[in-house]
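A short worksheet on the structure shown next.
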Amino acid sequence: MAPIRASTLVMLMMEPGKIFGAAAAGAAASAESAKSMTCGDMKAMYAKHDCCGAPAKSTDMMAVPAPSTMLQGTNVCDGKKVALENTDCVVNNAVAVLEQAGANITKGYVGSLDTGSRKPIMSSYLEAGLCPVNVHWHLGAEHLSVGEFDEKGKGPGTAIGGMSRRLGGSVRQGLRCHHYDAADSKFTTPYDWQHCVGMVVGETYEIHWPHSASGACGTPNQYQTPFYDGVFCMGLEKLGIGLSSAGLG
């Protein structure tokens, strides 16, 4: 089973004291959860779950000690990226590559690529034996959904298809959502990003979670940068590349 790429789309909007967007909310939650709990926090949690006088009551919470150190030991995935050369998709009028994640995800769109006996994953990735090995984001959407995020979308700065230098390099501006309004402050108010360096309020971003059947799933080495180290960590045999597998994503 070859790796699959899961993704979601986020458009960043700002209002005083608030951050809108799944990725931003997740980042804020992660930062908050990294802080040590106070005794007051624990007391509030105790009261919230009506534990007073009910020592045997079960809750959906678990108190665990914060780790004293970060990862230790050898990263078994380091350098596992496989040198796969870019090739032409069509050679002598024939498709010469395996399928990848769908480029056109417009509702109702039906692709015409013949995938032979290879079938898409219809269960959850977990049930199919895959785990996420990285999280990264793209400037604009890579995938097309007509009327939702496409070449007619709007946003600040570089036009769709143009080359942006926001991230310190030359990056192609991807597709955009249609909600941007330069006259509305929630799309234009700057934000001092602490981790997502180079992001701009009002822009459309596509967040990717590459998954792999060959990831170091359930271990400290599961998430990797570069992400291909995570994709290929446990070897090509687990991916079935060249066999009856889904395409690389």
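Within region 128-148, does at least one residue satisfy the condition of being free of Cβ contacts under 8 Å to residues at least 12 places away in the same chain, part of a loop (DSSP other than H, G, I, E, B) and under 23 Å from the mean Cα position of the chain (by Cα)?
Within region 128-148, the subset free of Cβ contacts under 8 Å to residues at least 12 places away in the same chain is none.
No, region 128-148 contains no residue that is free of Cβ contacts under 8 Å to residues at least 12 places away in the same chain, part of a loop (DSSP other than H, G, I, E, B) and under 23 Å from the mean Cα position of the chain (by Cα).
With respect to Trp209, determine if the residue is under 30 Å from Gln224 (Cβ atoms) and in contact with a Ser or Thr (Cβ under 9 Å, 6 or more places away or on another chain).
On the way: under 30 Å from Gln224 (Cβ atoms): yes; in contact with a Ser or Thr (Cβ under 9 Å, 6 or more places away or on another chain): yes.
Against the criterion (under 30 Å from Gln224 (Cβ atoms) and in contact with a Ser or Thr (Cβ under 9 Å, 6 or more places away or on another chain)), Trp209 qualifies.
Considering only region 200-242, state which residues are outside any loop (DSSP other than H, G, I, E, B) and polar (S, T, N, Q).
Thr204, Ser212
Take the residues in region 189-215 that are over 30 Å from Gly129 (Cβ atoms) and hydroxyl-bearing (Ser, Thr, Tyr), then tell me which one is modelled with the lowest pLDDT. Break it down into steps so the answer makes sense when it comes.
As a first pass, look at region 189-215 and keep what is over 30 Å from Gly129 (Cβ atoms): 189-204.
If we keep only those that are hydroxyl-bearing (Ser, Thr, Tyr) as well, we get 189, 191, 204.
On the way: Thr189: 94, Tyr191: 91, Thr204: 94.
This residue is Tyr191.
Report the residue count in region 94-114 for those that are modelled with pLDDT under 85 and open to solvent by less than 40 Å² (accessible area, probe 1.4 Å).
2
Can you name every residue in region 154-180 that is out of contact with any strand residue (DSSP E or B) (no Cβ under 8 Å at 6 or more places or on another chain) and either surrounded by 15 or more Cβ atoms within 10 Å (Cβ to Cβ) or in contact (Cβ under 8 Å) with a residue 12 or more places away in the chain (or both)?
Listed by number, the residues that qualify are Pro156, Ala159, Gly168.
Against the condition surrounded by 15 or more Cβ atoms within 10 Å (Cβ to Cβ) and either more than 18 Å from the chain's Cα centre (by Cα) or in contact (Cβ under 8 Å) with a residue 24 or more places away in the chain (or both), how does Ser123 come out, does it pass?
The answer is no for Ser123.
The values are calculated or read from the model by the stated rules, or taken from the named source; none is laboratory data. As the structure is a computational prediction, the values presented were derived from the model and not from experiment. Neighbour counts are summed over all protein chains in view; Cβ atoms, including those assigned to glycine, are modelled from backbone coordinates with ideal geometry. For accessibility, only protein heavy atoms count, side chains too; no ligands or nucleic acids. Shrake-Rupley method; radii C 1.70, N 1.55, O 1.52, S 1.80 Å.
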